[in-house]
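The values are calculated or read from the model by the stated rules, or taken from the named source; none is laboratory data. Predicted model only: the values in this text are computed from it and were never measured. Every residue, glycine among them, receives a Cβ derived from its backbone with ideal geometry; neighbour counts consider all protein chains shown. Only protein heavy atoms, including side chains, enter the accessible area calculation; ligands, DNA and RNA are left aside. Shrake-Rupley method; radii C 1.70, N 1.55, O 1.52, S 1.80 Å.
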Amino acid sequence: MATENPTSLTQKVDEQYMEVLFKTYFKGLCIFARQFVPDNDKVQDIVQDVFLNIWEKGEMLASESQVKGYLYTAVRNRCLNYIRDNKKFSDNVEVAHIENSDNSSRIEYRELDKLIRSAINELPEKCKEVFELSRFQDLKYQQIADTLGISVKTVEAQMTKALKVLREKLAGYTGMALFILQYFFGGHIRVNEKSGV
Amino acid sequence: MKQFYNHNMNEELLTRYLLGETDEEENTLIGEWLLQDPANNRQLGQIRTVLDMVELTRIDETASWNNFKTKLQPQTKHVTMDVAKPKSSILRWAVAASILILIGISSIYFYNVSGSKLVIAQSSDEQLDINLKDGSQVTLNRNSELSYPKRFARNERKVFLKGDAFFSIEPNPEKPFIIDAGDLNVTVLGTSFYVSAREGETPQVLVETGTVECLYKPTGEKTILKAGETATFGNNQIEKKTVTNQDMNAFAWKTYRLVFQDEKLSEIVKLVNKAYGSKIEIEGDVRDCHLTVNFEQLNIDGIINVLQSILDIDFSKSKDKIILKGEGCQ
């Protein structure tokens, strides 16, 4: 695929290499970026831009760990730039906090993808069942209730609990400071907007 | 009418809202609640973040790749010099001119030298990538020149270098690749390596992969360099050693990687200028400060940002110069 060497630093980027790089890191980078940018579509655009940039440069660092570090740094920088350019609130305090605090230099580059999946797996059985039907089968509360033979109220309680547990686990992985960062387009959610996913 | 205050808003309702399970009345309530306090937005945002992240875990890498693949334009950095043989002298210059227009950063001339047309590729302010007919690739640094025959001879592939270049040579044991770089001849079978042969500077070769043989013409001495080795050729002698990070700094023009261990700022800036073609100057005592720092895939702005985060310096731009000013080392 590419020539690697203990002393050398870069390898050529061809389509084959690009494919492996993309498939390996795209998902993890998107989830990582979602900590900063509050929109899934925008997140994917930003991460794709990073890969496009690498393609145009035509070369990449040879060492695996350097590549990962480079990708996460590049994504983070683009996200912070994006937030700065799109701020609807007047106080810049939280962005500044992210950029200047020690946390920003120790951003976890662990693959959040796997962490989220295992956190879901660790949910109590009934809770996990409800959550998966909702999030992976796209079922509405009533449909889940009918499928599992339980009440809608129970479905609601289980979903709420699942999200609470996941939120706590993710906050632990990503650092509370980042989780506080929430900015919305237009300053607030419009009332009838079909939000969520 | 129900009214929710911060501590009264319940998570069930917020969750139902984000999952599209709420009715109009509830939507209105939530809308009002959100307007009461930015903290409310943040609370909702946290739940929404979890939902979005879970949704992102559903990304199918193959489908995403197939979609992304369509956005890949052919890489523009590689210039192929394969030009169809012109039928008359007028056509020949027309072809040369159209290449000039396409590239815009280098000049290419076709000469007739002892039967074989010689191509001279020069880079000016930017690097230039050259694809040779045998599949080898050369990256010329700024202000460098590579001359090579349009068609290689039968028993060897010979090119002439002035300046700096990175070579990635296709293996062909029957046709050794020879780089004539002034005082230095570098012969290779199939490898990747750097050659630095600038006027007024000590020629240097650094091997990334494979093996190269170097002939130092003033003394007739030869040396073989293997991957991870580098040699300088000056003062009528060859100095060979294993590549260190410091050595790689000389090739930062290609790698965009600079590594410094307890190095003076003036020295750091000198190497940055060399690698990027920039004109950074330092004023004040800060020039003697010692730093341990790495620059990885940064542009000049990025490097200055890093320096500013370590030292107390002001920077200003004047024409094409960048001036860094500071006194202390903290």
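Hey, got the dipole for region B:127-177? About the Cα centre, +1 on K and R Cβ, -1 on D and E Cβ, debye to the nearest 20?
I would put it at about 240 debye.
Given Cα positions, please report Rg to Rh for region B:143-260, the hydrodynamic radius being the Kirkwood one.
Using only Cα positions, Rg/Rh for region B:143-260 is 0.95.
Filter the GluC sites (Glu not before Pro) in region B:160-254 to those in DSSP coil with at most 16 other Cβ atoms within 10 Å of their Cβ, and list the result.
Those that pass, being in a loop and sparsely packed, are B:Glu174, B:Glu199, B:Glu201.
Please identify the chymotrypsin sites (Phe, Trp or Tyr not before Pro) of region A:28-87 that satisfy two criteria: DSSP loop assignment and at most 12 other Cβ atoms within 10 Å. Which are they?
For chymotrypsin sites (Phe, Trp or Tyr not before Pro) across region A:28-87 that sit outside H, G, I, E and B with at most 12 neighbouring Cβ atoms in 10 Å, the list is empty.
Determine the dipole magnitude for region B:162-241: charges of +1 sit on the beta-carbon of Lys and Arg, -1 on that of Asp and Glu, nothing else is charged, the reference point is the Cα centre, and the result goes in debye to the nearest 20. Mind showing how you got there, number by number?
Details: 8 positive and 12 negative charges, 23 e Å.
With Lys and Arg at +1 and Asp and Glu at -1, about 120 debye.
Karplus couplings for region B:152-168 from phi (6.51 cos²θ - 1.76 cosθ + 1.60, θ = phi - 60°), rounded to Hz, Gly and Pro as x?
The phi angles translate into 5, 5, 6, 10, 7, 10, 10, 9, 10, 10, 10, x, 10, 8, 10, 10, 10 Hz.
Within 10 Å of each Cβ of B:11-18, how many other protein chain Cβ atoms are there on average? The partial results should precede the final answer.
Details: counts 8, 6, 2, 2, 11, 6, 5, 7.
Partner-chain Cβ atoms within 10 Å, mean over residues of B:11-18: 6.
Pull out the extension gain between B:Leu72 and B:Asp183, defined as 0.36 nm times the separation in residues minus the alpha carbon to alpha carbon distance; nm, one decimal.
So the extension gain works out to 35.7 nm.
Sort region B:199-330 into rounded, prolate or oblate with this rule: let a ≥ b ≥ c be the square roots of the eigenvalues of the Cα gyration tensor; rounded if a/c is under 1.5, and if a/c is not under 1.5, prolate when a/b is larger than b/c, oblate otherwise.
It comes out prolate by the Cα gyration axes.
Partner chain Cβ atoms within 10 Å, averaged over the residues of B:245-256 - can you pull that number for me? Mind dumping the intermediate values first?
On the way: counts 1, 0, 1, 3, 0, 0, 3, 1, 0, 3, 6, 5.
The shielding value for this peptide is 2.
Please name which of B:Gly234, B:Leu311, B:Leu265 has its Cα lying farthest along the dipole of region B:188-330 towards the positive end, using unit charges on Cβ (Lys, Arg +1; Asp, Glu -1) and the Cα centre as origin.
Most positive-ward Cα: B:Gly234.
If you take every residue apart from B:Ser124 with its C-beta less than 11 Å away from the C-beta of B:Ser124, what net charge results, scoring Lys and Arg +1 and Asp and Glu -1?
-2
For A:155-161, what's the mean count of beta carbons from other chains sitting within 10 Å of each residue's beta carbon?
Mean number of neighbouring Cβ atoms from other chains: 4.
Between B:Glu26 and A:Gln16, what's the calculated FRET efficiency when r is the beta-carbon distance and R0 is 51 Å? Round to 0.05.
Efficiency computed from Cβ-Cβ geometry: 0.45.
How do the peptides B:18-27, A:39-48, A:156-165 rank, highest first, by the average count of neighbouring beta carbon atoms within 10 Å per residue? Can you show the working numbers first?
Values: B:18-27: 15.6, A:39-48: 18.9, A:156-165: 20.6.
Per-residue Cβ counts within 10 Å, averaged per peptide and sorted highest first, yield A:156-165, A:39-48, B:18-27.
Am I reading the B/A interface right? What is its buried accessible area, both sides, 1.4 Å probe, to the nearest 100 Å²?
For B against A, buried area totals roughly 6400 Å².
Test of the criteria: in region B:293-330, which trypsin sites (Lys or Arg not before Pro) are in a DSSP loop and have at most 16 other Cβ atoms within 10 angstrom of their Cβ?
Taking region B:293-330 and a limit of 16 other Cβ atoms within 10 Å, the loop trypsin sites (Lys or Arg not before Pro) found are B:Lys319.
Quote the relative contact order of region B:116-199 in percent (integer), defining contacts as alpha-carbon pairs under 8 Å separated by 6+ residues. Display every interim value, and only then the final one.
Numbers: 201 pairs, mean separation 20.8, N = 84.
Relative contact order, region B:116-199: 25 percent.
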